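Take a look at the structure set out below.
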Amino acid sequence: MLKRFFKKGIIEAGCDEAGRGCLAGPVFAASVILPDGFHHALLNDSKQVNENDRNTLRPIIESKAICWAVAMVDHTEIDRINILKASFKAMHLAIDQLHTRPDLLLIDGHIFSPYFGIVHQCVVGGDAKYTSIAAASILAKTHRDEYMQRLHTEYPNYGWNDNKGYGTAFHRKQINEHGISPYHRKTFGICNEYREEGIKMKDVN
């Protein structure tokens, strides 16, 4: 059973991200303030909810939330500042958009870059513990999946409609065959070995 609040009587915003471990595409983050008593039987950590149920939950969360916001930081910025800082930046950008100012930020994870003027509480595994963080995880995941589906239409070789940019065996095989796309994170794993158009870095040195 998800907990509805960390501290009763204050405005809490749950925050979570999606796409930290991907080889391609941006990282997305969401921040959600839910009304007292919000409950849905399907709601849980997005990783424990199937795609159909996530897509069912998204409009419910968006319509019932007091306010919500989603933001992204793209692959270029991820390569420039690193994925951890990019994840924090995406969360900050989402919080910036909230039209109701929370008293407390509930952050999924064990570390966070403080947001000026609002205290935060990090919760390891928070997306499976608190309703607002679980809701944020659903929004971050579904918005990112939708974005990766659009990128798939530009670069269908990599199977982003299915793997969403994660380093599956198929995705890695396609990188070996086709090189990296403009949307790949050049500092991540196998991508670091390639230039675009299938040229391995060692082959041009």
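The values are calculated or read from the model by the stated rules, or taken from the named source; none is laboratory data. It should be emphasised that the depicted structure is a prediction, and the values quoted were computed from it without experimental measurement. Glycine gets a Cβ as well: all are built from the backbone with ideal geometry, and neighbour counts include every protein chain shown. Heavy atoms of the whole protein, side chains included, go into the accessibility calculation; ligands, DNA and RNA do not. Shrake-Rupley method; radii C 1.70, N 1.55, O 1.52, S 1.80 Å.
The table for this structure:
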item	result
Sulfur and carbon atoms: percent of accessible area, segment 1-152 [1.4 Å]	52
Share antiparallel - DSSP beta bridges, the chain, percent rounded to 5	60
Label corresponding to log10 I(q)/I(0) by the Debye sum over Cα atoms at q = 0.10, 0.12, 0.15, 0.16 Å⁻¹ when calculated from the structure given, among [x] -0.37, -0.54, -0.87, -1.01; [y] -0.48, -0.68, -1.00, -1.10; [z] -0.43, -0.60, -0.87, -0.96	[z]
HN-Hα J in Hz across segment 123-129 - Karplus 6.51, -1.76, 1.60, θ = phi - 60°, x for Gly and Pro	9, 5, x, x, 5, 10, 10
Residue-averaged [θ]222 nm for the chain, counting only DSSP H segments that reach four residues, each worth -39500 (n - 2.57)	-11000 deg cm²/dmol
Approximate spin-label separation residue 82-residue 149, in nm, with each point projected 7 Å along Cα-to-Cβ	3.5
For segment 4-46: rounded, prolate or oblate by the Cα gyration tensor [a/c cutoff 1.5]	prolate
Net dipole in debye of segment 58-153 [+1 Lys, Arg Cβ; -1 Asp, Glu Cβ; about Cα centre; nearest 20]	80
Long pairs among 8/129; 8/89; 85/141; 7/64; 89/164, criterion Cα-Cα beyond 24 Å	8/89
Segment 82-141 - convex hull of alpha carbons, volume per residue in Å³	89
For peptides 129-140, 166-177, sequence by mean Cβ density within 10 Å, most packed first	129-140, 166-177
Amide H contacts of residue 122 (H built 1.01 Å from N, under 5 Å, at least 5 apart or other chain)	107
Using θ = phi - 60° and Karplus 6.51 cos²θ - 1.76 cosθ + 1.60, couplings along segment 23-32 (whole Hz; Gly, Pro as x)	8, 9, x, x, 9, 10, 9, 10, 10, 9
Solvent-accessible heavy-atom area per residue, rounded to whole Å², over segment 44-151 at 1.4 Å	46
P(r) tail fraction, segment 106-182 - alpha-carbon pairs more than 17 Å apart, %	59
Whole-Å distance, taken between Cα centres, linking segment 7-78 and segment 135-168	15
Local net charge near residue 164, Cβ-Cβ under 13 Å (Lys/Arg +1, Asp/Glu -1)	+2
Charge dipole (debye, nearest 20) of the chain; +1 at Cβ of Lys and Arg, -1 at Cβ of Asp and Glu	380
Rounded, prolate or oblate (a/c below 1.5 giving rounded, otherwise prolate when a/b exceeds b/c) for segment 41-158 by Cα gyration tensor	oblate
In Å², nearest 10: area of residue 70 left accessible to a 1.4 Å probe	30
